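Here the structure comes first, spelled out in structure tokens, and everything after it is commentary.
The values are calculated or read from the model by the stated rules, or taken from the named source; none is laboratory data. Only a predicted model underlies this, so the values are computations on that prediction, with no experimental measurement involved. Every residue, glycine among them, receives a Cβ derived from its backbone with ideal geometry; neighbour counts consider all protein chains shown. Side chains are part of the model used for accessible areas, which takes the heavy atoms of the whole protein and leaves out ligands, DNA and RNA. Shrake-Rupley method; radii C 1.70, N 1.55, O 1.52, S 1.80 Å.
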Amino acid sequence: MSKIREYLDEHKDEMIALLSELVAVRSVQGDAEDGKPFGKEPARALEIMLGKCSEYGFLTENIGNYVGSADIEGSKPQLAVLTHLDVVPEGSGWSSDPFTLTRSGDKLIGRGTIDDKGPAVAALFAARAVKDLGIPLRKGVRLIFGTNEENGSADLKMYRDVHTLPPMVFTPDGEYPVINAEKGMLRVYFSAKYSGIPVHGGTVINAVPATCSYDTEEYIGKSAHASTPEKGENAITKFLSIQGNINPLLKSLSELFPHGELNGSSCGLGLSDEVSGDMTCVLTMLNTENGRLCGGIDIRFPLDRSKSEISGIICEKLTSAGFEIDSCEGVEPHCTDENSTFVQALLKAYESVTGDKGRCIAIGGGTYVHEIEGGVAFGAEFPGEDGHMHSPDEFITVENLLKNAEIMAEAIYNICC
């Protein structure tokens, strides 16, 4: 509707100002304090957002600084827009202060601009546009603002301990058009006694390692998210392909994880399905610690498989190779029917605003709705766009900030009016 876009254009400066205020808060998880379970800064970001929601006439609730909500007054919420105000650490390599919103042309640069403070601002102004324009709602709308998405989503667990989620939930914490399917995920940590030359490769379980050192040698790869290992090069498996024969344990790993193999075929996996495609199985960590060789594996498996099935296969292979399993945890796949009225309403909103054909997509990564039945990711990145999420110079364009708000307002109209 043209009046929605006109409203958003009129309030563009307010949107940018609120995003600037939120970006200035370094809402990385900190030490827990009394009444602030994830530290001062995530709580401060939530305070700012809920304060603004209250100023705009929404009914707000703060659940112990875990999570907050804002409702358009009226009907019981049937739709929730789920965003988060916490961010990952800034890291290095920025061209400007990551916690000062910097404008370069149409780009708004700063940590959280695309993940997920920018989309949170867009969601607020989408709901505000519907409210202020007097668009009548038959179904209620609730905005939910979390503060722990980047570190386990304990915020969402707390919310669900207190409230039942509305029957329809979307999060603008992914990409358009609609992410309705997410592979299952398994993270395996293993170790064995080791007296060889120290190895150091990888620091986090969910990233393809860019370096691996062994003795005086350093093997260089390229980092990528573990759900898309084809975008990187694994420095650990590169090292194993060259030095694996030196030690029996290393040799076993080189055979289980050949350099360049991404789907776990050599581990007895290599599975796929028609919707989510090939699985991924990545050796992401390998380090010597206290006389042990310690490793970590990130696995994203197809929709038609179970966590117990995949864990049984990979753990058997590792124990047969002489390793002990230190932990093996994960989540089952997630899938929402693409033909549901809810999903079709979201696709209609996307098509109406962009003029592009909507479709459902499957990913290997996990979004904020992975464990919410019927939930989907809807935005905020557009096809072919890279907002440098979790990377230096993260950004959202002014036009896409407005377009996200417009699409979400259209979605609210389609679903709730």
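Whenever you get a sec, compute what percent of the accessible area on the range 1-40 sits on carbon and sulfur atoms (1.4 Å probe). Answer for the range 1-40: carbon and sulfur cover 42 percent of the accessible area. Reducing the range 361-417 and the range 73-94 to their Cα centroids gives an inter-centroid distance of 11 Å. Check each of the chymotrypsin sites (Phe, Trp or Tyr not before Pro) in the range 311-417 and keep only those in coil by DSSP with at most 13 other C-beta atoms within 10 angstrom; list them in order. When the chymotrypsin sites (Phe, Trp or Tyr not before Pro) of the range 311-417 are filtered for loop state and at most 13 Cβ neighbours within 10 Å, nothing remains.
Backbone geometry of the range 212-219 corresponds, through the Karplus equation with coefficients 6.51, -1.76 and 1.60 at θ = phi - 60°, to 3J(HN,Hα) couplings of 8, 9, 8, 6, 9, 9, 10, 9 Hz, x marking Gly and Pro. Counting only protein heavy atoms and a 1.4 Å probe, the range 157-214 has 38 square angstrom of accessible area per residue. Our coupling estimate for the range 80-95, obtained by passing each phi through the Karplus curve with A = 6.51, B = -1.76, C = 1.60 and θ = phi - 60°, is 10, 10, 9, 10, 9, 10, 7, 9, 7, x, 6, x, 10, x, 6, 8 Hz, Gly and Pro reported as x.
Normalised by the number of residues in the range 37-179, the average gap of Cα pairs under 8 Å and 6 or more apart makes the relative contact order 35 percent. What the Cα atoms of the range 1-136 give is an Rg and a Dmax of 15.6, 47 Å.
Each Lys or Arg adds one and each Asp or Glu takes one away; over the other residues whose Cβ falls under 14 Å from the Cβ of residue 275, this sums to -3.
Of all aspartates and glutamates in the structure, those lying under 18 Å Cα to Cα from residue 139, and not within fewer than 8 positions of it along the same chain, are 71, 73, 410. Placing +1 on the Cβ of every Lys and Arg and -1 on the Cβ of every Asp and Glu, with nothing else charged, gives the chain a dipole about its Cα centre of roughly 340 debye. The longest stretch of the chain left intact once loop-based trypsin sites (Lys or Arg not before Pro) with at most 11 other Cβ atoms within 10 Å are removed from consideration, loops following DSSP, is 139-356.
Over the chain, DSSP H runs of length four or greater, each weighted -39,500 (n - 2.57), average out per residue to a 222 nm ellipticity of -9500 deg cm²/dmol. Using a probe radius of 1.4 angstrom, the carbon and sulfur fraction of the accessible surface of the range 45-139 is 46%.
Computed from phi, the 3J(HN,Hα) profile of the range 47-52 under the Karplus parametrisation 6.51, -1.76, 1.60 (θ = phi - 60°) reads 4, 4, 5, 5, x, 5 Hz, with x in place of Gly and Pro.
Placing unit charges on the Cβ atoms of the charged side chains and taking the dipole of the chain about its Cα centre, the candidate lying farthest along the positive direction among 162, 405, 17 is 162. The GluC sites (Glu not before Pro) of the range 33-114 that meet both conditions, a loop assignment by DSSP and at most 15 other Cβ atoms within 10 Å of the site Cβ, are 73. Across the alpha-carbon atoms of the range 257-401, the computed radius of gyration and Dmax are 19.0, 60 angstrom. Taking amide H positions as modeled 1.01 Å from N, with prolines and chain starts lacking one, the residues under 5 Å from residue 377 and 5 or more places away or on another chain are 171, 179. Rolling a 1.4 Å probe across the protein heavy atoms gives the range 262-354 an accessible surface of 43 Å² per residue. Atom-type composition of the exposed protein surface of the range 269-345 places 42 percent of the accessible area on carbon and sulfur (1.4 angstrom probe).
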